[in-house]
Amino acid sequence: MKRPDFMALALKEAEAAALRGEVPVGAVIASGGTVIASAGNRTRELADPTAHAEMLVIREACRKLSSERLTGHDLYVTLEPCAMCAGAISFARLRRLYFGAADDKGGAVINGARFFASTTCHHAPDIYPGMGETEAALLLKGFFRERRD
């Protein structure tokens, strides 16, 4: 059986977020070949500044698994996580982080605070940047271009 393309699923979540008027970021948590949870940004819809795709997908996966730890699970997200989301990723003990587009302004993994390199970081996942980068960047650029025009 063919393994699902988890980043493609995260991109679908990002596209759905854009259709809702949200910044197009999507996330998927998977283990083996199985999707545990998926989500897109909902900060405007929920009037909640913490409703980033990563936060929502971590909450949903933890709820489904009845655990605050996601050891052995992988996160696929279309944009480099911010400091808040990096903290949640660390506390959830996610095994791997795959992300698409880098975020020069708000990212905290390979940009900005570089959260996982901090001496105060409790757990750092294996990090794989650039997966689906072109598609994710185009989606974000198109979304913000439409808002400016």
For region 111-133, give me each residue that is in a loop (DSSP other than H, G, I, E, B), without any contact (Cβ under 8 Å) to a residue 40 or more places away in the chain and under 24 Å from residue 31 (Cα atoms).
121, 122, 123, 124, 130
Within the bounds of region 81-99, is there any residue that is in a loop (DSSP other than H, G, I, E, B), under 20 Å from residue 144 (Cα atoms) and open to solvent by 70 Å² or more (accessible area, probe 1.4 Å)?
no
Which residue is least open to solvent (accessible area, probe 1.4 Å), if the candidates are limited to region 115-144 and must be farther than 21 Å from residue 53 by Cα and of a type outside the set (A, V, I, L, M, F, W, C)?
118
Given (1) closer than 16 Å to residue 140 by Cα; (2) of a type outside the set (D, E, K, R); (3) open to solvent by 10 Å² or more (accessible area, probe 1.4 Å); (4) not in a loop (DSSP other than H, G, I, E, B), number of the condition residue 36 does not satisfy
(1)
When only residues in region 52-93 that are in contact (Cβ under 8 Å) with a residue 60 or more places away in the chain and β-branched (Val, Ile, Thr) count, which is farthest from residue 27 (Cα to Cα)?
78
Among the residues of region 2-29, count how many are over 19 Å from residue 64 (Cα atoms), among the hydrophobic types (A, V, I, L, M, F, W, C), part of a helix (DSSP H, G or I) and touching a residue at least 60 places away in the same chain (Cβ under 8 Å).
5
Cross-chain or 6+ apart pairs with Cβ under 9 Å, region 30-51 first and within 14 Å of residue 10 (Cα to Cα) and touching a residue at least 40 places away in the same chain (Cβ under 8 Å), then open to solvent by 30 Å² or more (accessible area, probe 1.4 Å) and outside any strand (DSSP E or B):
30/4; 30/9
Select from region 41-80 the residues that are open to solvent by less than 30 Å² (accessible area, probe 1.4 Å) and part of a loop (DSSP other than H, G, I, E, B) and write down the one among them that is farthest from residue 106 (Cα to Cα).
72
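The values are calculated or read from the model by the stated rules, or taken from the named source; none is laboratory data. Since the structure is predicted, the reported quantities are computational estimates derived from the model, not experimental observations. No Cβ is skipped: glycine too gets one built from the backbone with ideal geometry, and neighbour counts run over all protein chains shown. When the accessible area is computed, the model is the full protein with side chains, heavy atoms only, and any ligands, DNA or RNA have been set aside. Shrake-Rupley method; radii C 1.70, N 1.55, O 1.52, S 1.80 Å.
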